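The values are calculated or read from the model by the stated rules, or taken from the named source; none is laboratory data. Note that this is a predicted model, so its numbers are computed, not measured. Here the Cβ positions follow ideal geometry from the backbone for every residue, glycine too, while neighbour counts run over all protein chains shown. Note: areas computed on protein heavy atoms with side chains; ligands, DNA, RNA excluded. Shrake-Rupley method; radii C 1.70, N 1.55, O 1.52, S 1.80 Å.
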Amino acid sequence: QVKGDGEDGIADVDDEDWLKLADRPRQTQVSPEVDGQWAQESGALALEVAMDRCLLQPIQTRVNAMDRLLTRHLLRDLKLLPKLRQMTRYWLMSESRLLEPFVLEVLDRYADPGAADAGVTLPSLEGSVNALFDAVVPHPETSEEDTFFQTWSLYFASPKAANTNGSTNGSSHLPSPTYPYPSPMHTSSSHSYGQSYRLSPSAAPSFLGVGPLKFLDALRIRVDVASPLSEVFTETCLLQYSRLFQLLSAVQFALHGSKESWRQLMGSVDRRAKTGARIPTAVAALRHNVLLFLTTLQRYLLVDVIATEFFHMESRLSEVQSLEDLLRAHRQFLEVCEAKAFLGMAGEAALSTILALVQQALRIQRVFSVEAAQAEKLKAAGRAFRFSAARVSELQGLEVTFEDLRWKLATSVAANQNTTNLTTTDEGGGQGPSPLPMTMTTATVGHRPDSACSVATVGGADELEQWLSTWSQHCSL
């Protein structure tokens, strides 16, 4: 500026003066020393300081206040913790009596190989499954819990599509001579969570009658709630709930089938008959080993994983001060449960073997069921029942495979110890990779037999529980 006597305080400048001004170097920035001196003399604040004090800090204070109010609203008014407890009681089967009747009925009705019906469409199947859920599963006693219960539903998604985007670790393919389909349950934890994959209406018969594992793999949980609860029950979290529900349901179904088929067999055998009514000792031992494995695995999943981690989440939620802390506590609960339940990347080999063991238990159960039906017919005819040599040979083959899989389960992590690391917390509070200790090697699991035999290769429940306990301790995030 050139100050003068003009009306606006700026004198008129002719062309020659403009040229002189243009030739002068322009100062586009003021040095910090000059700016500080000017601010000190005039009492003004720098623009950045004024913006921070007058605009940014008040906005941040308001945001923090709203964040605390929203967190308090979720925990107190919307009773988030009871809702999470309700999700755990039902979908994570901490009270297995609630969902067990539905799991058994839906798998018997739609997953059995004789359930295939080309006339069934996806909408009708989803409607039937949800109607069955509403009719069979006990409703909560309080109206508030029942209102949340009514927001639940089940739908079917494509297992292949759920692993197409962003997956780097692939999925397991389990041996399934009875059901010639891909992996019954995916072991990949790096799904693409941003999209909802649905089957076409004509695709419903593709997984009817394909067996319980494949049927469960397509089943997903939906929770239809409004904001802000929708920020807690996101699509990512609901997929994690679904994966845990699938595994728990598979173990529950196999355990119930093993108990029920044996009960039917023993009830059909006329043990008063003097000849031919005796159950071979090897068959009884096989049933015992299968039942022992399934019972130990279920107890680990329900007690050491679900119940323990929910208790930890409750403790963290009692101390949260912000919405991010709240959401992080919920996410950590699901992530640790997935890791301990072999649903993370580090547990892929173990999960594949566990599902193969469950599938093998279902095959053994089917043999028992067939023999129970035969024993019932012979009992009605007044004839004694006995296992045929062919049936005993079939069970021996199933037993060899079952025991080989048990040995493989116990050695799966130790075999990959040098290539697969689990996430642990170091002494400084940071997270880093930490391999399993050497106690997970053959010193713990024993030695695999050189030839097939009917003796358990992994020992009893104590060694399996020790293996599971060691795994659990090294899966903390």
Given (1) of a type outside the set (Lys, Arg); (2) modelled with pLDDT of 90 or more; (3) surrounded by 13 or more Cβ atoms within 10 Å (Cβ to Cβ); (4) in a helix (DSSP H, G or I), index of the condition Ala162 fails:
(2)
Could you count how many residues in the range 136-159 are crowded, with 16+ Cβ neighbours inside 10 Å, of a type outside the set (A, V, I, L, M) and touching a Leu at 6+ places or on another chain (Cβ under 7 Å)?
2
For Leu238, only one of the following conditions fails: (1) within 18 Å of Arg85 (Cα to Cα); (2) out of contact with any Leu (no Cβ under 7 Å at 6 or more places or on another chain); (3) in contact (Cβ under 8 Å) with a residue 60 or more places away in the chain. What is its number?
(3)
As an exercise: evaluate Lys274 against (1) at pLDDT below 95; (2) in a helix (DSSP H, G or I) and give the number of the one condition it does not meet.
(2)
Contact list please: Cβ distance under 7 Å, first residue in the range 284-307 and under 19 Å from Glu95 (Cβ atoms), second residue outside any helix (DSSP H, G or I) and open to solvent by 40 Å² or more (accessible area, probe 1.4 Å), pairs at least six apart or on different chains.
Leu302/Ser94; Ile306/Ser94; Ala307/Ser94
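Condition check: charged (D, E, K, R) and at pLDDT below 90. Does Asp12 satisfy that? Explain how you work it out, then say what you get.
Working: charged (D, E, K, R): yes; at pLDDT below 90: yes.
The answer is yes for Asp12.
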Only one of Ala329, Ala349, Ala339 is crowded, with 18+ Cβ neighbours inside 10 Å, in contact with a Cys (Cβ under 6 Å, 6 or more places away or on another chain) and closer than 27 Å to Leu92 by Cβ. Can you tell me which?
Ala339
Which numbered condition trips up Ala384, out of (1) within 30 Å of Val210 (Cβ to Cβ); (2) at pLDDT below 85; (3) not in a helix (DSSP H, G or I)?
(1)
Is one or more of the residues making up the range 65-74 farther than 30 Å from Thr308 by Cβ and open to solvent by 40 Å² or more (accessible area, probe 1.4 Å)?
yes
Residue list for the range 296-325, filter: open to solvent by 20 Å² or more (accessible area, probe 1.4 Å), hydroxyl-bearing (Ser, Thr, Tyr) and more than 17 Å from His474 (Cα to Cα):
Ser315, Ser318, Ser322
Report yes if Ser94 is among the hydroxyl-bearing types (Ser, Thr, Tyr) and in a helix (DSSP H, G or I), otherwise no.
no
Just one of the numbered conditions (1) in contact with a Ser or Thr (Cβ under 7 Å, 6 or more places away or on another chain); (2) buried (at least 16 other Cβ atoms within 10 Å of the Cβ); (3) at pLDDT below 85 is not true of Phe368; which one?
(3)
Determine, yes or no, whether Arg62 is more than 25 Å from the chain's Cα centre (by Cα), over 29 Å from Ser369 (Cα atoms) and not polar (S, T, N, Q).
yes
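How many residues does the range 79-102 contain that are open to solvent by 40 Å² or more (accessible area, probe 1.4 Å) and farther than 13 Å from Gln252 by Cα?
Within the range 79-102, the first condition is being open to solvent by 40 Å² or more (accessible area, probe 1.4 Å), and the residues that meet it are 79, 81-82, 85, 89, 94-95, 97, 100-101.
Filter again for farther than 13 Å from Gln252 by Cα, leaving 79, 81-82, 85, 89.
Of the residues in that region, 5 qualify.
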